[in-house]
1. Among SER178, SER4, which comes first, then next, by fewest other beta-carbon atoms within 10 Å?
2. Whole number please: convex hull volume per residue, Cα atoms of the chain, in Å³.
3. At most 16 other Cβ atoms within 10 Å plus a DSSP loop assignment makes a site exposed; report the longest stretch of the chain without any exposed chymotrypsin sites (Phe, Trp or Tyr not before Pro).
4. Would you mind calculating the gained length between ASP510 and THR47 on full extension (0.36 nm times residue separation, minus the Cα-Cα distance), in nm to one decimal?
5. Test of understanding: given the chain, find the longest segment containing no trypsin sites (Lys or Arg not before Pro) that are in a DSSP loop and have at most 13 other Cβ atoms within 10 Å.
6. Report, in deg cm²/dmol and to the nearest 500, the calculated mean residue ellipticity at 222 nm for the chain, where each DSSP H run with n ≥ 4 adds -39500 (n - 2.57) and the sum is divided by the residue count.
7. Arrange MET66, MET452, MET229 by Cβ neighbour counts within 10 Å, fewest through most, would you?
8. Given 0.36 nm per residue, what is the gain on full extension from ALA244 to LEU205 after removing their alpha carbon distance, in nm?
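Throughout, read-outs are computed from the coordinates displayed, never taken from laboratory work. Source: prediction; values computed, not measured. Here the Cβ is made from the backbone with ideal geometry for all residues, glycine too, and neighbour counts use every protein chain on show.
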Amino acid sequence: MTTSIVRATCPHDCPDTCALLVTVQDGVATEVRGDPEHPTTAGVLCTKVSRYTERTYHQERLLYPMKRIGKKGEGKFTRISWNEALDTIANRLKAAAAKHPESILPYSYAGTMGMVQGESMAARFFHKLGASFLDRTICSMAGGVGYRYTIGARIGTDLEQFQSAKLILIWGGNPIASNLHFWMRAQEAKRNGAKLIAIDPYRSLTAEKCHQHIALLPGTDSALALGMMHVLIKEGLLDRDYIARHTIGFDQLAQRAAEWTPQRTADTCGITIDEVVQLARDYGETARSGAAVAIRVNYGIQRVHGGGMSVRNIACLPALVGAWRHAAGGIQLSSSDTFPRNVAALQRRDLLPAGAKPRTINMSTIGDDLLRDTSPEFGPKIDAVIVYNANPVAVAPESSKVAQGFAREDLFTVVLEHFQTDTADYADILLPATTQLEHVDVHAAYGHTYMMANNAAIVPMGEAKPNTEIFRLLASRMGFDEPCFSDSDDAIAREAFNKSDVRAIHFDWDSLKQRGWQKLNVPDAPFAHGGFPTPSGKCEFYSETMKKDGLDPLPTYIPPYESVASNPKLAKRYPLAMISPPARNFLNSTFVNVQSLRSTEGEPHLDIHPIDAAQRSIENGDRVRIHNDRGSFEAKARVTGKARQGLVVGLSIWWKKFSADGKNVNEVTSQRLTDMGKAPTFYDVLVEVEKVRS
Ligand SMILES: Nc1nc2c(c(=O)[nH]1)N[C@H]1C(S)=C(S)[C@@H](COP(=O)(O)OP(=O)(O)OC[C@H]3O[C@@H](n4cnc5c(=O)[nH]c(N)nc54)[C@H](O)[C@@H]3O)O[C@H]1N2
Ligand SMILES: Nc1nc2c(c(=O)[nH]1)N[C@H]1C(S)=C(S)[C@@H](COP(=O)(O)OP(=O)(O)OC[C@H]3O[C@@H](n4cnc5c(=O)[nH]c(N)nc54)[C@H](O)[C@@H]3O)O[C@H]1N2
Ligand code: SF4
Ligand SMILES: [Mo]
């Protein structure tokens, strides 16, 4: 028996990007562990990825190319050869491109975060074709844009410093489920005497374990930040020296914040005046004492109308109190922009046909866009969609429209997948893709600052191929003969980071592959001495760029589209706010088909407050129907004080086919977009709930 340990990287859309050690015995992966030597992984994996072999060797892995034989959505397929599959696709794409290349749309997201199996060969292929661009907005754009207005780039407090903070605000995040290795650091801080405060409408697993939980109304975070500024300024809890040296617009900000009295803030957020004042004092006084105050702001606050503004406002707080002076102070949204990615080399936008300026389709409005006809504003109707690393039928908003779009008889759909997902059911051609254990990749991260390598641990299952190989083969069938279409995965990985940038000057693919990981060359405290990558070089309380972009240049409050306060007419019919954050044992819709993880989650639930339940004669365990004008889905009621009154929570994202009614939470979410970044508003939803049966 031969046993080896292969260095790999978790590919999932999770800030932690763990370093993995894969045990391989006689060609079979028998165990996946966290690398104990990698500082942020520290030998620990989440439950999902500790079961990685169960997913890899799952009986329902797609092993051969298939073509559809049933109706779209029915999920009936028959096996075909790779030759037949590739010829069919190339012929259909050639025909569509001859009419109009923009009628072809790639649809992909972060099924793998790998820079090779994500957008490298695929992007080259679609650039060369002149296909429509996809605006990849579904997750992080609102906050990303908001953060950039204030700070300049998605750069923040290093994960490896948080254990030294004395106060941590966990704002719109549920790290026990979604950012475990940050939670480990927060726990260490707690043991060192730090106070943890969760700001979340729902008593999540994390909120339950913090010293304090502030359960504000969804979509009101920007108001809470303004209320904090009000108190900090009024009580002089400021770092005047830091403000003078490293910020712009303090006087205007002070005027604006003056409008946000604790009373107004408390009324807007649905919390007490005391909570507002005490939060600001905790923050300002801890900073004043010379200790580090840190904020982990996350994605939970961004999926509402004013999600961008919320992040923009919260990002102003550290500069007000001088929190950036400490390595353990400041704020982290994402570490993405710390990585000097070499996007130009990976994706080769220069391959676009001369003069071509393809339109951009927003992935968050795919429902509407698949149903649009050719028009001067829209351009050509979408004739062909190639889906990879994504499951839009389950995860995109207003999914009855998404499904209706994918059900179009005249639409040609190709899906590259590991499993027959809800989206795969609509494919004309379904192609088996390799998993992380079967291919090579290189990764950046959005929660730490290590460059990461993934070696293939086992040979591909069945006839599965890496995304890159599938697009290489398609490129050759399309007659694309640029040398970059023959680049190997290693050759692509070698170009991942820009070595002329000082942060990645030591990047070398061959040694990274051997070591597994390598920290970027970055300072511990990114803005201790200012140097913000904004146009002014300062932290921008006032943003001229926002003004140019048609936004309020100062922090402001943008109410939700759908809430009792902002839309009382709608709230008469649909009085309950609904949010649908991720379930701990799923990763978006990935892992829902892994039996052991699905059994832990049980079935789709809806958490509802006892008072709201009583008003509707709903008891714990009843089947309920959640509905609004867009649609409905069913779940099992969990009557619990975890959901504040007026709020219901459906942990997600279930595959529709694993629900009793074949639907999921995205039946009721809307395609309206956020104030910044054109992102979806998954948590900006009003619904009514009724009992179906006991
Ligand atoms: N286990 C697991 N981990 C994951 C994922 C997963 O599906 N499962 N998904 C990954 C991905 S793609 C992402 S983007 C992240 C998401 O993970 P997070 O960034 O943690 O975001 P969410 O889980 O969407 O929401 C976090 C918390 O915000 C709360 N929240 C909802 N609305 C509001 C609001 O208006 N204001 C405030 N203050 N809080 C609000 C929710 O109740 C929830 O408890 O996690 C990643 N990690
Ligand atoms: N209601 C509601 N909806 C949401 C959210 C929410 O909180 N609530 N969260 C939103 C967020 S934050 C996000 S990021 C999106 C996530 O949406 P998606 O990025 O679509 O994520 P997944 O649902 O995990 O689907 C990824 C798919 O990629 C496949 N895959 C993985 N690796 C590979 C590979 O190497 N090759 C190929 N071909 N396929 C691969 C997996 O099998 C999986 O089916 O969902 C959004 N939708
Ligand atoms: S999903 Fe996140 S926590 Fe789990 S192994 Fe992957 S990177 Fe680590
Ligand atoms: Mo996400």
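1. Numbers: SER178 26, SER4 11.
Ranked by crowding around the Cβ, least crowded first: SER4, SER178.
2. So the per-residue Cα hull volume is 154 Å³.
3. Working: sites that count: TYR57, PHE378.
Counting at most 16 other Cβ atoms within 10 Å as exposed, the longest clean stretch of the chain is 58-377.
4. Working: separation 463, 0.36 × 463 = 166.68 nm, distance 3.07 nm.
Stretched out fully, the ASP510 to THR47 stretch lengthens by 163.6 nm.
5. Working: sites that count: LYS71, LYS76, ARG359.
Segment 360-694 is the longest.
6. Details: 26 runs with 205 residues, N = 694.
Here the helix-only value at 222 nm equals -8000 deg cm²/dmol.
7. Numbers: MET66 22, MET452 29, MET229 25.
So the ranking, lowest neighbour count to highest, is MET66, MET229, MET452.
8. Numbers: separation 39, 0.36 × 39 = 14.04 nm, distance 3.99 nm.
That works out to 10.0 nm of additional length.
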